[in-house]
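Heads up, the thing below is written out as structure tokens.
What follows is calculated from the coordinates using simple rules that are stated; it is not laboratory data. Keep in mind that what you see is a predicted model, and the values were worked out from it rather than measured. When we count neighbours, we look across all protein chains shown, and the Cβ atoms used for this are built from the backbone with ideal geometry, even at glycine.
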Protein chains: 2
Amino acid sequence: MEERKVTSTNYENEQELLQCPVTYTLSIIGGRWKAAIIWQLSEGPVRFGTLRDRVGKVSDRILSKQLKELQEDGLVCRDAYPEVPPRVEYRLTEKGQSLEPVLEGILKWGLANRGA
Amino acid sequence: MEERKVTSTNYENEQELLQCPVTYTLSIIGGRWKAAIIWQLSEGPVRFGTLRDRVGKVSDRILSKQLKELQEDGLVCRDAYPEVPPRVEYRLTEKGQSLEPVLEGILKWGLANRGA
DNA sequence: TCCATCACTTACAAATTTGTTAGCGAGCCA
DNA sequence: TGGCTCGCTAACAAATTTGTAAGTGATGGA
């Protein structure tokens, strides 16, 4: 994990902002590829490479990072099988699944209001 | 408005990402102070300075920028009264108000899942 | 005259996010 | 032996976001 500077002018703000449940939620799903990842995983477990191909133009590094954050936030689970070449599957946790209705609300609003 | 480099490696991704209604919505409400701003305005019009004091530790520049983006996205309206010193009120548009149920969904999820 | 008010803006600095490129390791298979 | 797969990481580069500090302009009041 890339370390975060605690002397940051942002740091204090962030602590306070995360007190707000809305900001907390947005900080979890706000990463550039996270909604797409969750969307893909909502159908069931998906392998790393498959995810990379389906999600869009993500690089390995970025996909890896977003997945790691999703794991840390408890939305996604990683299952590694000891094979060669390695096989790793990602899937939603219960917490991750509980986000789906929220994402649907966001989706519907987007559909209704984009381009207006 | 600060210009955006079109040679950016990010630019192409962004165009594609905004095709997704979820990502589109998140890009609109995802700014650091935007949820808080919308929240404040949901009660009715608020002046710039009042907003700055209520929203948290925002600086003038940042609040101004977030408000401008919210206006461009059609969520917020600006009413300026020709007085001295100037008086400017911000309020939600209909489009902005239509976000409230979505934000409530986000809020409820955050309340239920923070700290779990 | 001089200062205060309010909603900004300008110039600059710092942190964060996202991206590109190249490589690794273990074992299967030709 | 040598190349291949797959998930991942390291080193680096670029863009974006957020922040701080210091103005500005018109006017009313001391």
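Report ³J(HN,Hα) in whole Hz for each residue of region A:22-33, in order, from the Karplus equation J = 6.51 cos²θ - 1.76 cosθ + 1.60 where θ = phi - 60°; Gly and Pro get x.
Each residue's phi maps through the Karplus curve to give 5, 4, 4, 4, 5, 5, 7, 9, x, x, 4, 10 Hz.
Might you report the magnitude of the Cβ-based charge dipole of the protein assembly as shown about its Cα centre, with Lys and Arg at +1 and Asp and Glu at -1, to the nearest 20 debye?
Computed charge dipole of the protein assembly as shown: roughly 240 debye.
Whole-Hz Karplus ³J(HN,Hα) for region B:42-51, in order, using 6.51 cos²θ - 1.76 cosθ + 1.60 and θ = phi - 60°, x for Gly and Pro?
Calculated HN-Hα couplings, in order: 5, 7, x, x, 9, 6, 3, x, 4, 4 Hz.
Sequence gap of 8 or more, or different chains, plus Cα separation below 14 Å: how many lysine pairs satisfy both in the protein assembly as shown?
Summing the qualifying lysine pairs gives 8.
Mind checking the mean number of beta-carbon atoms from other chains within 10 Å of the Cβ atoms in B:24-36?
If you average over the peptide's residues, the count of other-chain Cβ atoms is 6.
Run a plain Debye calculation on the protein assembly as shown (Cα atoms as equal point scatterers, no solvent) and give log10 I(q)/I(0) at q = 0.13, 0.15, 0.17 Å⁻¹, rounded to two decimals, same order as the q list.
After summing over all Cα pairs, the log10 values are -0.86, -1.12, -1.38.
Could you bin all the Cα-Cα distances of chain A into 5 Å bins starting at 0 and give me the percent of pairs in each, rounded to whole numbers?
2, 10, 18, 20, 19, 14, 10, 5, 2, 0, 0
Work out the length of the dipole vector of chain A about its Cα centre, built from +1 on the beta-carbon of each Lys and Arg and -1 on the beta-carbon of each Asp and Glu, and round it to the nearest 20 debye.
Result for chain A is approximately 460 debye, rounded to the nearest 20.
Can you work out the FRET efficiency for the pair A:Glu72 and B:Glu94, with r the C-beta to C-beta distance and R0 = 45 Å, to the nearest 0.05?
Taking R0 as 45 Å, the efficiency between A:Glu72 and B:Glu94 is 0.75.
List the residues, sorted by chain then number, that are 5 or more residues from B:Ser42 or on another chain and whose placed amide H is less than 5 Å from its amide H.
Result for B:Ser42 returns nothing.
Mind listing the phi-derived Karplus ³J(HN,Hα) values for region A:88-96, rounded to whole Hz, using 6.51, -1.76 and 1.60 with θ = phi - 60°, and x for any glycine or proline?
Values, residue by residue: 10, 10, 10, 8, 6, 7, 4, 4, x Hz.
Could I have the simple spin-label model distance between B:Arg87 and A:Arg87, label points 7 Å from Cα toward Cβ, reported in nm to one decimal?
Inter-label distance under the simple model: 7.0 nm.
Can you list residues from other chains, or at least 5 along the same chain, whose modelled amide H is less than 5 Å from the amide H of A:Arg47?
A:Tyr90
In Å and from the alpha-carbon atoms only, list the Rg and Dmax of region B:10-73.
Answer for region B:10-73, Rg first and Dmax second: 13.4, 38 Å.
Provide the net charge surrounding B:Gln71, with neighbours chosen by a C-beta distance below 15 Å and charges set as Lys +1, Arg +1, Asp -1, Glu -1.
0
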